[in-house]
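Worksheet: one structure, shown below.
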């Protein structure tokens, strides 16, 4: 199982939100590229980047500059946050992103999601399935969303291979991943490659996800707060 370190960026700072709440922000630094290079040197094969300001309002903010900086530093990355149309998806791929993570458009605009797939190709698209109370949410997790099942069917129908599944209630808590949610998705949509996200707080969490057959896991706050280092996480997922 691949361990993917996460870097969330808000107004130029590396941060974490508690359960997606923009009024509960913890800052860890102001140089995302330096964080990403550190993860690369520690064994990361891919870094997960989230532009939180863009996720909230759809604007570019620092995304173009950030993508260019990561590419120049030789960091392989996937990026999400505010990627809601084919033009934006194409630009971030041109700037060096290996994959684009699409959440809000996947939830609320099926035509836009299809256009993104047509623009960059299904293998470069990750469908973000951010779940609270059985509903997949978009717009920085602020909308009412749609039934999770509808979104997963939509993703599979477009030939998208990867799904990033987040239990919103666990995100940023380090209280353990939502294994019931992940098990349900894996059983119902077995052809999807699943990336677990939200709640990882220990090496035991990573080992459990690996044993459950997950393809990858995104780890954010636990790394930033030193619960374990990336080398230990990679070993736990091997």
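The values are calculated or read from the model by the stated rules, or taken from the named source; none is laboratory data. Only a predicted model underlies this, so the values are computations on that prediction, with no experimental measurement involved. Counting neighbours? That spans all protein chains shown, and the Cβs are built from the backbone with ideal geometry, glycine included.
Checking region 179-196 against the condition returns no match, with no residue being in contact with a strand residue (DSSP E or B) (Cβ under 6 Å, 6 or more places away or on another chain) and modelled with pLDDT under 95. Of the residues making up region 120-147, just one is part of a strand (DSSP E or B) and surrounded by fewer than 16 Cβ atoms within 10 Å (Cβ to Cβ), namely 147. So which residues in region 148-177 are in contact with a strand residue (DSSP E or B) (Cβ under 7 Å, 6 or more places away or on another chain) and part of a helix (DSSP H, G or I)? Passing the criteria: 148, 151, 152, 155, 168, 169. Residue count for region 215-230 under the criterion of being in a loop (DSSP other than H, G, I, E, B) and out of contact with any strand residue (DSSP E or B) (no Cβ under 7 Å at 6 or more places or on another chain): the result is 5. Residue check: is residue 92 in contact with a helix residue (DSSP H, G or I) (Cβ under 9 Å, 6 or more places away or on another chain), surrounded by 18 or more Cβ atoms within 10 Å (Cβ to Cβ) and either on the phi > 0 side of the Ramachandran plot or in a helix (DSSP H, G or I) (or both)? Yes; evaluated as a whole, the condition is true for this residue. Evaluation of residue 111 against the conditions (1) at pLDDT 95 or above; (2) assigned to a helix (DSSP H, G or I); (3) buried (at least 22 other Cβ atoms within 10 Å of the Cβ) shows that the sole unmet condition is (3).
If you go through region 2-23 and keep only what is within 18 Å of residue 167 (Cα to Cα) and part of a loop (DSSP other than H, G, I, E, B), you end up with 19, 20. Of all residues in region 186-203, exactly one satisfies the criterion of being part of a helix (DSSP H, G or I) and either without any contact (Cβ under 8 Å) to a residue 12 or more places away in the chain or buried (at least 20 other Cβ atoms within 10 Å of the Cβ) (or both), namely 187. If we keep just the residues of region 12-23 that are within 18 Å of residue 169 (Cβ to Cβ) and out of contact with any strand residue (DSSP E or B) (no Cβ under 7 Å at 6 or more places or on another chain), which is surrounded by the fewest Cβ atoms within 10 Å (Cβ to Cβ)? Among those residues, the one meeting the criterion is 23.
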